[in-house]
Amino acid sequence: MKLIIQIPCYDEEETLPATVADLPREVDGFDVVEWLVVDDGSRDRTAEVARELGVDHVVSVPENRGLANAFLLGLDTCLRLGADVIVNTDADNQYQARCIPDLTAPVVAGRADMVVGERPIESVDDFSPMKKRLQRAGSWVVRKFSGTEVRDAASGFRAFDREAAMRLQVFGKYSYTMETIVQAGWEGLRIVSVPVEVNPKTRESRLVKSIPRYIWRSATTIIRSFALYKPFRFFSLAGLVPFLVALGLVLRYGYIRLFTDDVASRVPSLVAAAVCMLVAVQLWMMAMLADLLSANRRMISATRLAQRRAALEGGPFHSRAGARPS
């Protein structure tokens, strides 16, 4: 059994040494433990520092393409290097590496395909009260959308078995954390959470540059994931809003005509009701079309998975375009 610990990096020359220093070389259940750094177009000496620290594999991307791309590139590289289990951690040393055996244990035992480290949000002094509330709210929404019990959806400290790593896809560029949980739930993968500990903050977050921006990006990620993986429900619920507005306007018109002496014209209300009803019907038609497209996407996803599995089982190492493994 081989475990590879991957670290997506962007300008982490200063924080990477502390992160790598804590990584284990031996983990229960594994014969081999290796480290991988994905240098996402860093402008400093991140890649050189990784090699100096004894990192087994360094993949360099010529330009910064975002955390989600670096995460997927890391998974792809780990799979091609023969990893049976992959652990993803952050380069800022946020998560305590001694918790890695806790992450991998459910996978090794065959109880989970994907494990998410649950941070002690309430006791993290570096998180503001607003950020804690947003973390709780975001995780609750992701749980409802994904049908999982993940308590910390924004946590990047995760373990994946080989099958789960092959299946995961990320369509957004901002982050992978919430979208992969929604997809994993949609794919029927077994997901569990385990408590993990965190280290003191080493730098400011690059994902949460401001609360309004964080809310906007998280909300768009969740909505896009919902529309992508549950399109019929998404567009059906969206169509329900204008339908209820139209119904309310029509009932109001009927009440006024039957039970009051008001003789004022209600044509504008009827026009608004007709427009809302038209929008509702269009959204429901989109729900049907989106559901058909979703079925087609599932078939394409199954074909892609079969092709990846065949390539990984017998093909030579070919990294993604623009990446230089070493």
For segment 79-92, which residues satisfy the criterion of being within 22 Å of E48 (Cβ to Cβ) and either at pLDDT 95 or above or not hydrophobic (A, V, I, L, M, F, W, C) (or both)? T89, D90, D92
Test result for L3, in contact with a Lys or Arg (Cβ under 9 Å, 6 or more places away or on another chain) and open to solvent by less than 10 Å² (accessible area, probe 1.4 Å): no
Only one of I121, I181, I100, I191 that is out of contact with any strand residue (DSSP E or B) (no Cβ under 9 Å at 6 or more places or on another chain) and either more than 24 Å from L312 (Cβ to Cβ) or of a type in the set (V, I, T) (or both): I121
Any residue that is part of a strand (DSSP E or B) and either open to solvent by 40 Å² or more (accessible area, probe 1.4 Å) or modelled with pLDDT under 85 (or both) - is there at least one of those in segment 195-202? yes
Does segment 188-199 include one or more residues that are of a type in the set (V, I, T) and farther than 21 Å from I5 by Cα? no
Any chance R65 is touching a residue at least 12 places away in the same chain (Cβ under 8 Å), charged (D, E, K, R) and either farther than 22 Å from M166 by Cα or buried (at least 19 other Cβ atoms within 10 Å of the Cβ) (or both): no
Among residues belonging to segment 158-167 that are assigned to a helix (DSSP H, G or I) and of a type outside the set (A, V, I, L, M, F, W, C), point out the one that is surrounded by the fewest Cβ atoms within 10 Å (Cβ to Cβ). E163
Determine whether segment 299-315 contains at least one residue that is open to solvent by less than 80 Å² (accessible area, probe 1.4 Å), under 13 Å from A238 (Cβ atoms) and in a helix (DSSP H, G or I). no
Quick one: what pairs do we get from segment 31-56, first residue among the polar types (S, T, N, Q), second in a loop (DSSP other than H, G, I, E, B), C-beta under 6 Å, 6+ apart or different chains? S42/Y10; S42/D11; T46/E12; T46/E13
Only one of R65, R111 that is closer than 18 Å to T221 by Cβ and assigned to a loop (DSSP other than H, G, I, E, B): R65
I'd like to check something: does segment 83-92 contain any residue that is part of a helix (DSSP H, G or I) and either in contact (Cβ under 8 Å) with a residue 60 or more places away in the chain or closer than 19 Å to R25 by Cα (or both)? no
Condition met for L189 (aliphatic (A, V, I, L, M), at pLDDT 85 or above, open to solvent by 10 Å² or more (accessible area, probe 1.4 Å) and closer than 23 Å to G110 by Cβ): yes
Could you list all residues from segment 13-33 that are of a type in the set (D, E) and touching a Leu at 6+ places or on another chain (Cβ under 7 Å)? none
What number of residues within segment 76-97 satisfy the criterion of being under 20 Å from the mean Cα position of the chain (by Cα), surrounded by fewer than 24 Cβ atoms within 10 Å (Cβ to Cβ) and among the aliphatic types (A, V, I, L, M)? 1
How many residues, within segment 20-57, are part of a loop (DSSP other than H, G, I, E, B) and either within 22 Å of L103 (Cβ to Cβ) or open to solvent by 30 Å² or more (accessible area, probe 1.4 Å) (or both)? 17
Within segment 103-157, track down each residue that is open to solvent by less than 10 Å² (accessible area, probe 1.4 Å), β-branched (V, I, T) and at pLDDT 85 or above. T104, V115, V116, V150
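The values are calculated or read from the model by the stated rules, or taken from the named source; none is laboratory data. All values reported here derive from a predicted model rather than from experimental measurement. Glycine gets a Cβ as well: all are built from the backbone with ideal geometry, and neighbour counts include every protein chain shown. To get the accessible areas, we keep the full protein, side chains included, count just its heavy atoms, and leave off ligands, DNA and RNA. Shrake-Rupley method; radii C 1.70, N 1.55, O 1.52, S 1.80 Å.
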